[in-house]
Structures are given as structure tokens and as C-alpha cells.
Amino acid sequence: MSEGRRKNYKKKRYVIPVLLMVLLIAIRLSLPYFVKNYVNKVLADIPGYYGHVEDIDLSIIRGAYTIHGMYLNTVNGTTEIPFLDFKKTDISVEWNALFHGRIVSEIEMLEPTVLYVFEDQQDTTQQANTEDWSKALTDLVPIDINRLMVENGKFAFLQVQADPNIDLHLTKVQLEASNLRNVVEETRTLPSNIHATATSIGNGNVILDGDMNLVREIPDMDISFSLENANAKALNDFTNYYAGIDFDEGTFDLFGELAIADGYMKGSFKPILKNAKLIGKEDGFLKTLWEGFVGFFKFILKNHKQDTLATKIPVEGDLNSVKTKIWPTVTRIFRNAWIQAYKNVIDDDLSFKDATDGADRLEEKKSKQN
């Protein structure tokens, strides 16, 4: 081989690896751009909503991407308050499971905020389909989610046109869910376990436990929850707007169970007011008169030994027309007052089968009507 050919060969031998390295670097640098566009397209395809992602970081070695500043809002909303505002979301492959032959992912969400603005969601309800939510989830995370963790989240219900504004919120939400399937199943199974803690309005302690199937047109679930030792005065904006009363002192507890199957819900809620006082020193004459009237019935209907006013509220029906059973709710107020006070515990008298039975009865009724 001549000296010239030998030099050309050496040059080509180095050129190809250099070109491959440059190509790989270019692909690596451009990947976040393409992933960001893909995520924004998924958000844009949810009817009735619009969303955006600020930035995305990739970690090839870790098999992960981190979404920064993702928000979602309603198209026809009357406010500019984001429905979803996720500060940081890390989506990664779980290597431990990979070593055992399973390809699953792990999601960690830092300080996510979910703000349900009552006025914004009224028109969107008819436009958006819950199937679009499950499709968006499976598009963003195309493999099963082995674990979902929420760190320091906030969930809130807002009614901004009320006077004063109503803000019922949960802060410091710590949530962990496992075995979130990514395939829509026709069978009634609850593969995912969920556990959460939070601080409620009025500094109450919230605990939620249960099983769910999130990737369905309407998620199936069987959950129980408790809220204890919330300051009743924190509810004043809500109770004043809807009932014309407010609390001067007292604590509020809430215990409940909820089961949903095929869009049919069955549940119960047990609110308990302890050491509650209605009339405040700064109330006007008419307000004091009304609260005194309410307070008189509260005095008759409360359990004086425990100083509690409580009942148990059963709810049941298709999610489009859930009904509260009024008569059992009223009679249970008397039960708490005159027979036996309700205890500060979850009664555990409801199961997922109760919801599936209700769904079957409803389906059978519709079939007969057709």
C-alpha cells in the first residue's frame, strides 16, 4: 500500500467514529425538543382543555425524563386558574423490576396542584370524556406504572363567584400508589393500592386508603377516608354561603367509604361536629337570630354526653344522578342524639361488591326499558 493511500485510510478510520459521535450528540441534544413537542401534543389532544410544558430533561442512563412546569386548564374557563399545575414530574424505568424481566415505570411528582374551580368545570363536563384522560396517561407513560408517588401536593375545590370565595383544600398531600395498570380491562378488578395523608382546611388530619383501577373510562375504586380535628371555623365561608350559619368554635370530623363500579357509586359519609358554638360576638341582629334558631335545634339534636352533632349520610346511584337518602340521614341525627353517639371511626360496612351489585341492577333495569 502506498504512503498516500495509507494516510487516506487512517483519515477515514477516524472520520467515521467522529461522525457517529457527532450524530449521537446531535440526537441527544435534540431529543428533549422532540419529547417536549410530543407531550404538548398529547395535552393539546384532550378535548375541552389546553396545556403546556415548560421544559423536559432527559437522563438516558437512568432511563427517565423529567417534566418541568406542566399545566392544564379548561378552554372555556372563566378564570385563569390552572386546573392542573405540576411543578416537577419524574418518569423513569424501574431497574429492579427490569432485572426480573418486567418493564415498568415509576413516577414521582413534586408539589403537584389540582384546583377544581367550580365555575370553570361546568361547561367542560360535557366536552371532555374521561376516556381522554386515560388515553393521555397511557400516551405519556406507555408502560405499566409500578409506583406513583406524590410529594407535598395540594388538592382544592374553589367557588370564586361565591361571596366570600369558597376554598376547601388539602395541603401537604403525601400519596403512594402501586401497580397502576396501563391496559384498559373489561373485568372488575382493583389492581392498584393507594395510601395518602394530608392536612385539610382547619388543620385537620386526613388519611385515605383503598384499591383502585384508574385506567378505565370511569375509574373503579373501593376507598375509605377520615378527617379528624379540623377547626370548624375554617368551614365558615362554605356553611355561611349555603346555610347562612358560621361557627364561633368547635371541631369537625368526617369519616367515609366510597365504592364505584362501572360508573355506579355507593358510599356513606359520617360528619361529626364536636363542642360546636354558632353565635359569634360580631354577628348582626338578624344573623344572630337565625343562628340562635338553628342553635336551638342543634341543642335538641346533639348528643349532650359526647357534645356531638352527627349523622351518617348514604349516597347511591349513577354518577350522573347520585342521590342522597334524606330520611335515613335525618333519622340518624336522632339516633346519634338520643340513642347512641357515632364513634370517630370508619364503620367499614361497605364493599366493592355493593357497587358492582348496584351497577348490575342498573344495567338490568336499562335492558328491560329498551
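Observations on the model:
- Hydrodynamic radius of the range 198-247 by the Kirkwood approach over all distinct alpha-carbon pairs: 13.0 Å.
- Cross-link table 87/312; 154/343; 266/343; 172/343; 312/353; 312/365, entries beyond 32 Å C-alpha to C-alpha: 87/312
- Under 5 Å between amide hydrogens, built in the peptide plane, is the criterion, and for residue 318 it picks out 265 among residues at least 5 positions away or on other chains.
- Additional length obtainable on full extension of the chain from residue 344 to residue 37, 0.36 nm per residue less Cα span: 105.5 nm
Read-outs: derived from the displayed coordinates by stated rules, not from any lab. Because the structure is a prediction, the values reported are computed rather than measured.
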